Amino acid sequence: MEEWINGLILLILAIGHFELWVTFINRTHALPIHEPTLKKMRHITYVMLLGFPLVLFGAVGLYSPGVLVGGEWSRLSFWWKPVFVLCVLGFLGFLVSVFRHLFYRVPRLQTESHSEMIDIREKLGHELIGDGPYHYLAGLPFNEIFCVEFSRKTFVMERLPAAWDGLTILHLSDLHFSGTLTRDYFGELCRIAGESQPDLIIFSGDLLDEMHCLDWLDETLEQLEAPLGRYFILGNHDWNQQSEQIRTALTRRGWMDVSSQTLQLEYAGHSLLIAGTEVPWMGEHPVLPAQRGEGAADFLLLVSHTPDNFYWACSQGYDLVLAGHTQGGQVRLPVVGPVFAPSVHGTRYTSGTFYRKKTLLHVSRGVSGIHPLRFLCPPEFSLLTLRARPVVET
């Protein structure tokens, strides 16, 4: 019985060690570090994740002091003790992450949520795996990469003008054109998205992983239309490519770049401000007109590639923030939830809706990724309907 308890202790320490390295990789991938360096960091992390449990169970469990075969913890070498303290702290962090996932509740401002699962491969009836990077992952059993969730969510916004009640926004993020998934996949997805006939379209970054896919725009994003316009920012994967060429290609096709700036629309007698930020990879946060001594807009919308800018947006008084980047974690474990998420907040804002200081954040799981792998975390694009808060008569 004692050996079983010791085994459980070693397992807890191994989980804590795993959480520490996951914390490291999540936070570093939220920083403006180019892909070659990040790739080296990932390789080091994989070695440590696999190697430490083997050393732990082998050295401590079986050899010295051999707590799995009758040894005493009192004979443990001194240098193991600070390592174990760190592992215990890591395990506590793991528990916090799990409980946060289990007890997540959507904000009350989200009054409705419906979704439709669309199997793009079944719908088109032919193979959609190309020869791009990591294409072998796309064909793995139980991979949900082709089963896309079209989610429809309704939010009641406190400052939304009554004249805008029912305003719809199509939120797309993280297309990651690379050739791994064929052009047909994205073309069909954009066709379905366009049928929703939104008032406004927002793309929150990460368009390309391979520059040769830039001409895919003609059959994908260019076919989308909205009466109030189409707006975009770029993401960290675009930063790793030829970002200015990508930006130019989108603007030539009628998409409006809002990165590091603000655009103000007049609609139904009120002003809508759309701003964008690609921080920390490119540019800087936009300055609101009110901060320059100009007139304030009735409703403020921020497009941010990463949800890490949420707290800054709250401090600036934005009403709605649309983000992506984390892709929901791509792989979610039962009970545990997402594990890997490139964010300074870890898995806290991987996907869904969050509310803080009168600012609502919607984080999309995105359409694709450089690693075409999804488990319990299907790709997503969303149609968001904004409702004005009813006026209470006194």
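The values are calculated or read from the model by the stated rules, or taken from the named source; none is laboratory data. In this text, all values refer to a predicted model and were calculated from it rather than measured experimentally. Ideal geometry is used to build each Cβ from the backbone, glycine not excepted, and the neighbour counts take in all protein chains shown. Just the protein is used for accessible areas: all its heavy atoms, side chains included, with ligands, DNA and RNA removed. Shrake-Rupley method; radii C 1.70, N 1.55, O 1.52, S 1.80 Å.
Only one residue of Leu50, Tyr318, Val363 has its Cα farthest out toward the positive end of the dipole of the chain, where Lys and Arg carry +1 and Asp and Glu -1 on Cβ, and that residue is Leu50. Dipole orientation for the chain: of the candidates Ile9, Pro334, Thr182, Ile9 has the Cα lying most toward the positive pole (charges on Cβ; Lys, Arg +1; Asp, Glu -1). Computed from Cα atoms, the angle from the helix 80-102 axis to the main principal axis of the chain rounds to 40 degrees. Taking amide hydrogens as placed 1.01 Å from N in the peptide plane, the amide H of Thr111 sits under 5 Å from those of Thr154, Phe155, Val156, each at least 5 positions away in sequence or on another chain. If you take all other residues with their beta carbon under 11 Å from the beta carbon of Thr347, and give Lys and Arg +1 and Asp and Glu -1, the sum is +2. Note on the chain: with charges restricted to the Cβ of Lys and Arg (+1) and Asp and Glu (-1), its dipole about the Cα centre is near 1300 debye.
Quick one: with all protein chains in place, what share of the accessible area of region 290-374 is carbon or sulfur, to the nearest percent (1.4 Å probe)?
On the way: 1460 of 2630 Å².
Percent of accessible area from carbon and sulfur atoms in region 290-374: 55.
In order along region 275-285, the Karplus-derived 3J(HN,Hα) couplings, from 6.51 cos²θ - 1.76 cosθ + 1.60 at θ = phi - 60°, round to 10, x, 9, 10, 5, x, 8, 9, x, 8, 5 Hz, and Gly and Pro are given as x.
Whats the longest run of the chain with zero trypsin sites (Lys or Arg not before Pro) that are DSSP loop and have at most 12 other Cβ atoms within 10 Å?
On the way: sites that count: Arg105, Arg108, Lys357.
So the longest stretch without any such site is 109-356.
If you take all other residues with their beta carbon under 12 Å from the beta carbon of Lys153, and give Lys and Arg +1 and Asp and Glu -1, the sum is -1. Listed by chain and number, the aspartates and glutamates whose alpha-carbon sits under 15 Å from that of Lys153, ignoring those within fewer than 8 places in the same chain, are Glu112, Glu116, Asp165, Asp199, Glu380. Each Lys or Arg adds one and each Asp or Glu subtracts one; over the other residues with Cβ under 11 Å from the Cβ of His101, this totals +3. Think of a 1.4 Å ball rolled over the protein heavy atoms: the chain then has 45 Å² of accessible area per residue.
Which of the three applies to region 198-323, rounded, prolate or oblate, going by the alpha-carbon gyration tensor with a ≥ b ≥ c and a/c under 1.5 meaning rounded?
Values: a/c = 2.26, a/b = 1.40, b/c = 1.62.
Oblate shape, in that a/c is at least 1.5 and b/c is the bigger or equal ratio.
Overall, region 68-118 carries a charge dipole of about 240 debye about its Cα centre when +1 sits on the Cβ of Lys and Arg and -1 on the Cβ of Asp and Glu, all other atoms neutral.
Restricting to region 321-372, what percent of DSSP beta bridges are antiparallel, rounded to 5? If you can, show how the numbers build up before the last one.
Working: 7 of 10 bridges.
In region 321-372, approximately 70 percent of DSSP beta bridges are antiparallel ones.
Spin-label model, Asp215/Phe24: points 7 Å from Cα along the beta carbon direction are separated by 4.4 nm. When the helices of the chain are scored as -39500 (n - 2.57) per DSSP H run of n ≥ 4 and the total is divided over every residue, the value at 222 nm lands at -9000 deg cm²/dmol. Peptides 47-59, 160-172 ranked from most to least packed by the mean count of surrounding Cβ atoms within 10 Å: 160-172, 47-59.
The C-alpha atoms of the chain define a longest principal axis, and helix 243-252 lies at about 30 degrees to it. When a 1.4 Å probe is rolled over the protein heavy atoms, the share of accessible surface on region 60-180 that falls to carbon and sulfur comes to 61 percent. Taking Cα centre as origin and charging only the Cβ of basic (Lys, Arg, +1) and acidic (Asp, Glu, -1) residues, the dipole magnitude of region 94-209 rounds to 480 debye.
Ranked from highest to lowest mean number of other Cβ atoms within 10 Å per residue, what is the order of the peptides 377-386, 131-140? Before the final figure, lay out the partial values.
Numbers: 377-386: 22.7, 131-140: 14.5.
Final packing ranking: 377-386, 131-140.
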